[in-house]
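The values are calculated or read from the model by the stated rules, or taken from the named source; none is laboratory data. Please read these numbers as outputs of a predicted model, since none were measured by experiment. In this analysis, Cβ positions are derived from the backbone assuming ideal geometry, glycine residues included, and neighbour counts consider all displayed protein chains.
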Ligand code: FAD
Ligand code: NAP
């Protein structure tokens, strides 16, 4: 059922007030198809958990659709691995917990990421050295214009660093309905990234299980990141920039402690949070919004901020970082201007 003039505040983790002129939910592909036949212009905006969006405009004129397709099924059971199929409307963290309960390995480092399974391929979600492309098998998506279901393999998704074909050349053309993951039956743990090993040591665990790694990730994340239920935010607002060696060398001459990580083709990944911190923005507020005190990559709404205020703050930060380091930060969050 399509409803009119619905507040989107409960549907975005930034807690921004915006109104959907038209709003509907669907919990199956057939329901989605029915809604689309009632929408001749096919102008739609899909929402999962709303944890990676910023509404800058007050009114969304596209039909806002909330994906609630559920389901979790092992569709292939092999000697060493399984293929799990999940409905796009499953909550990502609940999906991870179900995989761990069943003893499947591969998504534990991605514990506690907010949002839905269906949005996970959009930006190839990643944390602690793992990205969904590492476990991704294929997905099914409905082509909005024709109503046909198309399958995309790992290669066809053109995954990159917080990127996929759905954020670039196929932007706005598909609704992802089902995602398939290939997970290992034997643990192949990756604990060397970030503070996982230290956290496991703190927990007194020498030989961690898949569940232990997940618990360590949950514990680190809970200590550093604002819980969107308490403070409005959309996680990292900016991507970590990947720059040429020459740009990195220039920065390192002035700041010998600049964190840097090797990227593809000799390039260098910098930590956007660190760059922002050097400009003095970490923990700064502008009344009811600002930059989080523990993680400068996260912009926060303490209550009542508008999307335009958050967006303008992000522009100010981009300009400051550009002036200090010559590096242009790119927004990771999907902006609706
Ligand atoms: P939404 O915000 O609802 O949508 C995001 C975009 O995807 C929108 O453009 C939307 O139109 C589109 N979309 C959503 N569902 C579909 C679909 N079914 N088909 C087609 N398009 C769709 N991200 C990381 O990568 N790593 C992290 O560690 C991480 N940590 C976070 C921590 C916090 C506290 C928060 C608030 C966010 C974090 N994020 C992280 C960002 C966010 O959680 C992810 O990007 C997540 O995948 C977004 O899912 P969602 O369902 O909320 O997407
Ligand atoms: P962190 O551990 O303090 O590290 C800061 C940055 O350095 C991270 O952004 C990370 O890049 C990079 N980094 C650290 N160790 C690295 C290594 N061994 N190799 C390459 N890069 C390394 O980061 P954090 O803020 O606490 O976040 C922890 C993880 O959760 C990170 O992977 C981060 O991406 C993820 N996260 C993402 C979001 C989001 O919204 N996208 C929000 C919160 C946390 P990467 O970001 O490339 O990993």
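The sole residue among 265, 240 that is under 22 Å from residue 163 (Cβ atoms) and either assigned to a strand (DSSP E or B) or modelled with pLDDT under 95 (or both) is 265. The single residue among 89, 106, 48 that is in the same structural domain as residue 153 (by TED's automatic domain parsing) and within 17 Å of residue 174 (Cβ to Cβ) turns out to be 89. Here the stretch 191-210 is the region considered, the condition is being surrounded by fewer than 15 Cβ atoms within 10 Å (Cβ to Cβ) and in contact (Cβ under 8 Å) with a residue 60 or more places away in the chain, and the residue that is nearest to ligand 1 (Cβ to nearest atom) is 193.
If a residue has to be touching a residue at least 60 places away in the same chain (Cβ under 8 Å) and within 6 Å of ligand 1 (Cβ to nearest atom) to count, how many in the stretch 114-133 make the cut? First the steps, then the outcome.
Of the stretch 114-133, the ones touching a residue at least 60 places away in the same chain (Cβ under 8 Å) are 114-119, 122-123, 127-130.
Narrowing the set further to residues that are within 6 Å of ligand 1 (Cβ to nearest atom) leaves 114-116, 118-119, 122-123, 127.
The number of residues fulfilling the criteria is 8.
When the stretch 216-233 is limited to residues that are part of a loop (DSSP other than H, G, I, E, B) and more than 14 Å from residue 291 (Cβ to Cβ), the one that is nearest to ligand 1 (Cβ to nearest atom) turns out to be 228. Any idea which residue in the stretch 172-190 is nearest to the chain's Cα centre (by Cα), counting only those that are assigned to a loop (DSSP other than H, G, I, E, B) and within 10 Å of ligand 1 (Cβ to nearest atom)? The qualifying residue nearest to the chain's Cα centre (by Cα) is 172. Across the stretch 149-171, the number of residues qualifying as within 16 Å of ligand 1 (Cβ to nearest atom), within 22 Å of the chain's Cα centre (by Cα) and without any contact (Cβ under 8 Å) to a residue 40 or more places away in the chain comes to 12.
Among the residues of the stretch 14-50, those that are assigned to a loop (DSSP other than H, G, I, E, B), out of contact with any strand residue (DSSP E or B) (no Cβ under 6 Å at 6 or more places or on another chain) and touching a residue at least 12 places away in the same chain (Cβ under 8 Å) comprise 17, 27, 28, 38, 42, 50. On the basis of being within 22 Å of the chain's Cα centre (by Cα), away from ligand 1 (no atom under 16 Å from the Cβ) and either within 22 Å of residue 115 (Cα to Cα) or not assigned by TED's automatic domain parsing to the domain that holds residue 251 (or both), does residue 315 make the cut? So residue 315 fails the test. I'd like the residue in the stretch 304-332 that is assigned to a helix (DSSP H, G or I) and within 16 Å of ligand 2 (Cβ to nearest atom) and, out of all such residues, is surrounded by the most Cβ atoms within 10 Å (Cβ to Cβ). This residue is 310. Kindly indicate whether any position in the stretch 72-83 is more than 8 Å from ligand 1 (Cβ to nearest atom), crowded, with 21+ Cβ neighbours inside 10 Å and not assigned by TED's automatic domain parsing to the domain that holds residue 20. Taking every residue of the stretch 72-83 in turn, none turns out to be more than 8 Å from ligand 1 (Cβ to nearest atom), crowded, with 21+ Cβ neighbours inside 10 Å and not assigned by TED's automatic domain parsing to the domain that holds residue 20. Among residues of the stretch 93-126 being within 12 Å of ligand 2 (Cβ to nearest atom) and not in a loop (DSSP other than H, G, I, E, B), the one that is farthest from residue 13 (Cα to Cα) is 109.
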